[in-house]
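Chemist: Below is one structure. I have some questions about it.
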Amino acid sequence: MSWLSGLKRYLSVIVIGNLIWEFAHMPLYTLWLTGTRSEIVFAAIHCTGGDILIALSALTVALIFFGTHQWPERSFQRVALSTVIFGIGHTLFSEWLNIEIRQSWAYRDLMPMVPGTGVGLSPLVQWIAVPLLAFWWIGPAKVPDGSKGTETE
């Protein structure tokens, strides 16, 4: 599989997965109770756009540091793991900043919290589940030579 095919597969899952997730977890935010229907739809689409940029940035940084010119056939697992870690790091910081400091949005009491962080569990799980699903769709099993994609150059 070429890097471009891998990127297209990654991006397709990122877009669809995050759009679905944003609408699905919207009831965990106060906007669900205070916003109009159009405000809720706008927020979900706006947040999905941000998710796409974060996901592409996380993958780009992972590829710069851990990828090879033969990705995804090689260094697949390192790139996948580091992409997820970068996404989680950004999510922890962004949720904390926007909830605690900027107060740009707020959670409802329904939002399960990650202990000691002030961060909701749903956005954190989102940045584990959606990228992992995207990497599954790329999949080292789909690599033509049957390798697991862990070799270095």
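The values are calculated or read from the model by the stated rules, or taken from the named source; none is laboratory data. Values in this document were obtained by computation on a predicted structure and should not be read as measured data. Cβ placement follows ideal geometry from the backbone for every residue including glycine, while neighbour counts extend to all protein chains displayed. To get the accessible areas, we keep the full protein, side chains included, count just its heavy atoms, and leave off ligands, DNA and RNA. Shrake-Rupley method; radii C 1.70, N 1.55, O 1.52, S 1.80 Å.
Chemist: When the accessible area of the chain is computed with all protein chains present and a 1.4 Å probe, what percentage of it is carbon and sulfur?
Modeler: 69
Chemist: Same structure, new question: Note down the magnitude of the dipole of the stretch 1-111 about its Cα centre, charges +1 on Lys and Arg C-beta and -1 on Asp and Glu C-beta and zero elsewhere, to the nearest 20 debye. If you can, show how the numbers build up before the last one.
Modeler: Values: 7 positive and 7 negative charges, 66 e Å.
So the dipole magnitude of the stretch 1-111 works out to roughly 320 debye.
Chemist: In addition: Quick one: Debye curve from the alpha-carbon atoms of the stretch 1-123 only, equal weights, vacuum; give me log10 I(q)/I(0) at q = 0.10, 0.14, 0.17, 0.22 Å⁻¹ to two decimals.
Modeler: Each listed q maps to, in turn, -0.37, -0.67, -0.90, -1.26.
Chemist: In terms of modelled amide H atoms, which long-range or inter-chain residues lie less than 5 Å from the amide H of residue 113?
Modeler: 121
Chemist: How much mean residue ellipticity at 222 nm does the chain get from its helices, if each DSSP H run of length 4 or more adds -39500 (n - 2.57) and you divide by all residues, to the nearest 500 deg cm²/dmol?
Modeler: On the way: 5 runs with 96 residues, N = 153.
Helices in the chain give a 222 nm mean residue ellipticity of -21500 deg cm²/dmol.
Chemist: So for the stretch 37-80, what are the equivalent ellipsoid semi-axes in whole Å, largest first, each being the square root of 5 times an eigenvalue of the Cα gyration tensor?
Modeler: 32, 8, 6
Chemist: Further question: Could you work out the relative contact order of the chain? I mean the mean sequence separation of Cα pairs under 8 Å and 6+ apart, divided by the number of residues, in percent.
Modeler: Rounded, it is 34 percent for the chain.
Chemist: Work through the residues other than residue 45 whose Cβ is under 15 Å from its Cβ and net out their charges, Lys, Arg +1 and Asp, Glu -1.
Modeler: Cβ neighbours under 15 Å give a net charge of -2.
Chemist: Okay, moving on. How much accessible area per residue does the chain have, counting only protein heavy atoms and a probe of 1.4 Å, in square angstrom?
Modeler: Dividing the accessible area of the chain by its residue count gives 55 Å².
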